[in-house]
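Undergrad: One structure, as C-alpha cells, below. Some questions next.
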Amino acid sequence: MRAYAMAVQPPAGPVFLSVPLDDWNQPLAGPARVRTVSDRVAPDAQRLRLFADRISASRRPALVFGPDVDRAGGWDAAIALAEKLRAAVYGAPLLDRASFPEDHPLFRGPLGMSVKTISDRLAGHDLAVVIGAEVFRYYPYVPGDLLPAGTELLQITASPAAAAAARVGDALLADPKIAIDLLVDMVAEGSARTAPEPMARPRLLPQVSSRPLTPPEVYAVLSRVRPPDSVIVNESTSTMAQQIEWLPTVRTGSFFATASGGIGWGVPAAVGVALADRDRGVTRPVIGLIGDGSSQYSVQALWTAAQHKLPIVYVVMRNNEYSILKSFAVLEETPGVPGLDLPGLGIAALARGWGCRAVDVETTEELEQEFKTALGADTTTVIVVRTQPQKAML
C-alpha cells in the first residue's frame, strides 16, 4: 500500500519494493487495508498571487509547457492562458508528451536540448514560466548560460523533486491544471503586448522524388494520410524536428516520446498505448515512428502487438546507421566512431517472424498505398521505408 501511494504521486512512476525472502511464509496479522491517497495538490494561494503579478508585469513572457500539463488534463487551460497573455509558447526540452497545439499561432517550437540552445531560445524574454516540466532536461553537453541576461524564471510543478533540482528560478508546487486554471483568472490581459511571430514552417521537398527518400518526404506522405484522431509514438530521434514541422500535435493525449536518450522505448510503448486505448474503449490508430537502430532493441514487442491484433502501424525509417549517435560524434569532434553503421537489417522479415504484416517500400506512392492498407488491416503492420541519413538537430 505504501509503494502504491508513492507510485501515484507526481511524477507518477515505478517504485522499488523489496520483499524479504521469508515474508510469504508469515501469516497476515489481519485483513489487508486498502486506502485511498490523493495525487493532486492545489497551489499556495499567496505564492500563486505573487507568480500571477510577476507574469502580468512581464513585458515579453515565454510559456514553456511540459508533459505534466497534458497528463493533468490541462491542454485547453494552457491554450487559454497563452492566448490571454499573448505569450510565446515553447515545448519543454525532450518533451515526452505534447501539452499545446503545435499548429497554434503562438507556438514557437521546441525549446532545445542543451544549456546553450535553451538560453539562446529564451533570449529577449524577460520572464520564462515553466509549467509541468523540469528546469531543464538536457541531452548533449553544449556549455552556456543557464538563462540569458535579463531573463527570470518561474516554475510550477507537482513534483517536489523537480522543484528541488531546478538550478535557476523560483518554484511553486501545484497540480499544473489547477494552477493554470487559477492563473487564467488572475493574470492581466496581454492585449498591449506584441504577439510573437508565428513559427516558420518551410516544408521544403525536392522537386523530384528522392531515392532513397528523405525524412521530410516520408512525413509529407504521412501528413496526407494519417487519420486526424491517430496517436503518434516517436522514436526516430534524428528526425523529430521534421516530425513537428510535418506532423504537428494538435490534440490532447495524441503524442508520446521518450523522456531521455535511452534507445528501444518506442516499439513497446506503442503497444502500451494501443492496449490502454482498448482498455478504456477508445478506437484510434497508433502510428509508431521508429528508427532502424531503435527498432532492434525491443523487437520482441512486435509479437505482443501481433498476438493482441493491435491497430498499430509502425513506420521504420531505414537509413542504415545510428544517425543520432553520428551527430553526437560530430558534436564531440570524434567523427568516424566505429559500430554506427547498420547495413543488411532485414526488419520486415524479422517483423513477419514475430507475426506482423510487414512490407518494404521505396517510393512515396508505395508508402501511401501501404499505409492506407495498414489502416484497414486486422493486425499490426510494419512498413520499412529506406531513407537518407538525417543529421539530428542537437
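Undergrad: Out of the residues in the range 171-217 that are more than 23 Å from Leu48 (Cβ to Cβ) and of a type in the set (S, T, N, Q), which is nearest to the chain's Cα centre (by Cα)?
TA: Among them, the one singled out is Thr214.
Undergrad: Based on this model, can you work out whether Arg2 counts as within 30 Å of Ala269 (Cα to Cα), surrounded by 12 or more Cβ atoms within 10 Å (Cβ to Cβ) and outside the structural domain of Gln243 (by TED's automatic domain parsing)?
TA: no
Undergrad: Residues that are free of Cβ contacts under 8 Å to residues at least 40 places away in the same chain and among the polar types (S, T, N, Q): does the range 250-267 have at least one?
TA: Checking the range 250-267: not a single residue is free of Cβ contacts under 8 Å to residues at least 40 places away in the same chain and among the polar types (S, T, N, Q).
Undergrad: Condition first: without any contact (Cβ under 8 Å) to a residue 60 or more places away in the chain and either touching a strand residue (DSSP E or B) at 6+ places or on another chain (Cβ under 7 Å) or under 22 Å from Ser238 (Cα atoms) (or both). Now tell me which residues in the range 118-136 satisfy that.
TA: Hits for the range 118-136 are Ile118, Ser119, Asp120, Arg121, Val135, Phe136.
Undergrad: For Asp229, state whether it is among the acidic types (Asp, Glu), assigned to a helix (DSSP H, G or I) and assigned by TED's automatic domain parsing to the domain that holds Thr363.
TA: no
Undergrad: Okay, next question. Going through the range 272-295 one residue at a time, which ones are of a type outside the set (Asp, Glu) and either in a strand (DSSP E or B) or within 15 Å of Ala358 (Cα to Cα) (or both)?
TA: Answer for the range 272-295, where residues must be of a type outside the set (Asp, Glu) and either in a strand (DSSP E or B) or within 15 Å of Ala358 (Cα to Cα) (or both): Val286, Ile287, Gly288, Leu289, Ile290, Gly291, Ser295.
Undergrad: Can you find a residue in the range 309-329 that is modelled with pLDDT under 95, among the β-branched types (Val, Ile, Thr), in the same structural domain as Leu247 (by TED's automatic domain parsing) and surrounded by fewer than 18 Cβ atoms within 10 Å (Cβ to Cβ)?
TA: no
Undergrad: Within the range 112-128, can you find the residues that are assigned to a loop (DSSP other than H, G, I, E, B), buried (at least 21 other Cβ atoms within 10 Å of the Cβ) and modelled with pLDDT of 95 or more?
TA: Of everything in the range 112-128, just one residue is assigned to a loop (DSSP other than H, G, I, E, B), buried (at least 21 other Cβ atoms within 10 Å of the Cβ) and modelled with pLDDT of 95 or more, namely His125.
Okay, residues lined up against (1) out of contact with any strand residue (DSSP E or B) (no Cβ under 9 Å at 6 or more places or on another chain); (2) of a type in the set (A, V, I, L, M, F, W, C):
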position: Glu235; (1), (2): no, no
position: Trp246; (1), (2): yes, yes
position: Thr252; (1), (2): yes, no
position: Phe255; (1), (2): no, yes
position: Thr258; (1), (2): no, no
position: Gly266; (1), (2): no, no
position: Asp277; (1), (2): no, no
position: Pro285; (1), (2): no, no
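Undergrad: Every residue in the range 41-63 that is of a type in the set (A, V, I, L, M) and either touching a helix residue (DSSP H, G or I) at 6+ places or on another chain (Cβ under 9 Å) or more than 22 Å from Pro160 (Cβ to Cβ) (or both), please.
TA: Val41, Ala42, Ala45, Leu48, Ala52, Ile55, Ala57, Ala62, Leu63
Undergrad: Pairs under 7 Å by beta carbon, first residue in the same structural domain as Tyr314 (by TED's automatic domain parsing) in the range 339-360, partner outside any loop (DSSP other than H, G, I, E, B) and among the basic types (Lys, Arg), six or more apart or different chains?
TA: Leu340/Lys326; Leu345/Arg318; Ile347/Arg318; Ala358/Arg352
Undergrad: Being among the polar types (S, T, N, Q), crowded, with 22+ Cβ neighbours inside 10 Å and out of contact with any His (no Cβ under 8 Å at 6 or more places or on another chain) is true for just one of Thr283, Thr249, Thr258. Which residue is that?
TA: Within the list Thr283, Thr249, Thr258, the selection yields Thr249.
The values are calculated or read from the model by the stated rules, or taken from the named source; none is laboratory data. Source: prediction; values computed, not measured. With ideal geometry, Cβ positions are generated from the backbone for all residues, glycine too; neighbour counts draw on all protein chains shown.
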